[in-house]
Structures are given as structure tokens and as C-alpha cells.
1. So, in the range B:1-22, exactly how many residues are outside any loop (DSSP other than H, G, I, E, B) and not polar (S, T, N, Q)?
2. Can you give me the number of residues within the range A:23-78 that are in a loop (DSSP other than H, G, I, E, B), within 8 Å of chain B (Cβ to nearest Cβ) and under 30 Å from B:Leu67 (Cβ atoms)?
3. Which of the residues belonging to the range A:13-49 are open to solvent by 70 Å² or more (accessible area, probe 1.4 Å) and in contact with a strand residue (DSSP E or B) (Cβ under 8 Å, 6 or more places away or on another chain)?
4. Could you give every pair whose Cβ atoms fall below 9 Å, whose first residue belongs to the range B:61-82 and is within 19 Å of A:Gly19 (Cα to Cα), and whose second residue is loosely packed, with under 13 Cβ neighbours inside 10 Å and among the basic types (Lys, Arg), counting only separations of at least 6 or pairs across chains?
Protein chains: 2
Amino acid sequence: MPVIEVIVKLKQGVADPEGENTRKALNLLGFDDVRRVRTMKVFSIEIESNKDSRILLKEAEEMCEKLLANPVIHDYEIRVRER
Amino acid sequence: MPVIEVIVKLKQGVADPEGENTRKALNLLGFDDVRRVRTMKVFSIEIESNKDSRILLKEAEEMCEKLLANPVIHDYEIRVRER
């Protein structure tokens, strides 16, 4: 059964307050050489079909446009794999 | 400068309401063959030092134990890479 992995990350230049607060907390915990933290979200999507991976890739792009990512602030990457 | 990537995911068997609601929404949008969605979080941590990757791996494990992951519900993976 194929699995689509969608990685949603903030566009370059968009503030990442969660990452920034994580950096501060790590510094406070003694990890002094942490300079920057960026956060990302991954959706692992199991598909019940035998569609070819080119079609799955196209569907995954539609999923991102319609639901998973906000084009104003997010970039996304898609990986299709069999498992 | 090395970058540590920490992937935090829910343990097998722990409910993932965000993933489940994403699956429902995708089904409602017409993506009928989506059977399951799991969500994960990635922290991309930039380190300002020349420590060797074994030491970085050990530090990253400490970061997970102290801050990034909750051992009751989360598993994590760590990758160290140069960039």
C-alpha cells in the first residue's frame, strides 16, 4: 500500500515562534550552541489503491493546495513510497 | 555548521486526533482512498560548533528527553547532518 509523506514547512522569512521558543528553552537548559530551531509538520498518508506514483503525486499536490498547506506561509515537499 | 533533525512521532497505539481529522477532511474533499493519516513533528536545530557527530547525537538525545518529546506518548528519531 503506498504512503504519501507531505512535509509542510514555513517559507523562508516567515516567523516561527514555536521554533524560536524551543531555541530559547534549549539555551536555558544549557545547550548553548543551539543557534536556530525551525519546526515542520509531516503528514504520513496511507492510500488504499494501486494508483501509479505519478497520479499519487498529483493528488498529493491537490491535498496540499486544498487542505494541508497555506500557500501564503508554507512550502511543502511530497514523497511517495511503497511500504 | 551541523544541523540536527529530530522527528517526534506518536507511539504505535496512541490516538492521533489531528491525523484522524485530517483523514476525515481529505475523504470529504473527495480523496476516497485515504485510509489513515499520522502526523509528526520535525525540529531542525542549527548548531554553532564543530563538535563531532557522536557528541551531537548524544546531546540531541538529551534535548529529546528534557524538552522535545514526551516519553509517555512519543517516539523520536535523530539525524545529524552537515550543511
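1. The initial filter retains those residues of the range B:1-22 that are outside any loop (DSSP other than H, G, I, E, B), namely B:2-10, B:17-22.
If we keep only those that are not polar (S, T, N, Q) too, we end up with B:2-10, B:17-20.
Qualifying residue count, the range B:1-22: 13.
2. Step one: list which residues in the range A:23-78 are in a loop (DSSP other than H, G, I, E, B), which gives A:29-33, A:48-52, A:69-73.
This time we only want the ones that are within 8 Å of chain B (Cβ to nearest Cβ), so: A:29, A:31, A:33, A:48-49, A:51.
Going one step further and asking which of them are under 30 Å from B:Leu67 (Cβ atoms), we end up with A:29, A:31, A:33.
Residues in the range A:23-78 being in a loop (DSSP other than H, G, I, E, B), within 8 Å of chain B (Cβ to nearest Cβ) and under 30 Å from B:Leu67 (Cβ atoms): 3 in total.
3. From the range A:13-49, those open to solvent by 70 Å² or more (accessible area, probe 1.4 Å) are A:13, A:15, A:17-18, A:20-21, A:24, A:28-29, A:32, A:35-36, A:48; that's our starting set.
Of everything in the range A:13-49, those that are open to solvent by 70 Å² or more (accessible area, probe 1.4 Å) and in contact with a strand residue (DSSP E or B) (Cβ under 8 Å, 6 or more places away or on another chain) turn out to be A:Glu18, A:Glu20, A:Arg35, A:Arg36, A:Glu48.
4. Qualifying pairs under 9 Å: B:His74/B:Lys11; B:Val80/B:Arg54.
The values are calculated or read from the model by the stated rules, or taken from the named source; none is laboratory data. Bear in mind that the values here come from a model prediction, so they are computed numbers and not experimental data. Because the Cβ atoms are built from the backbone with ideal geometry, glycine has one as well, and the counts that use them run over all protein chains shown. Keep in mind that these areas ignore ligands, DNA and RNA; they rest on the heavy atoms of the full protein, side chains included. Shrake-Rupley method; radii C 1.70, N 1.55, O 1.52, S 1.80 Å.
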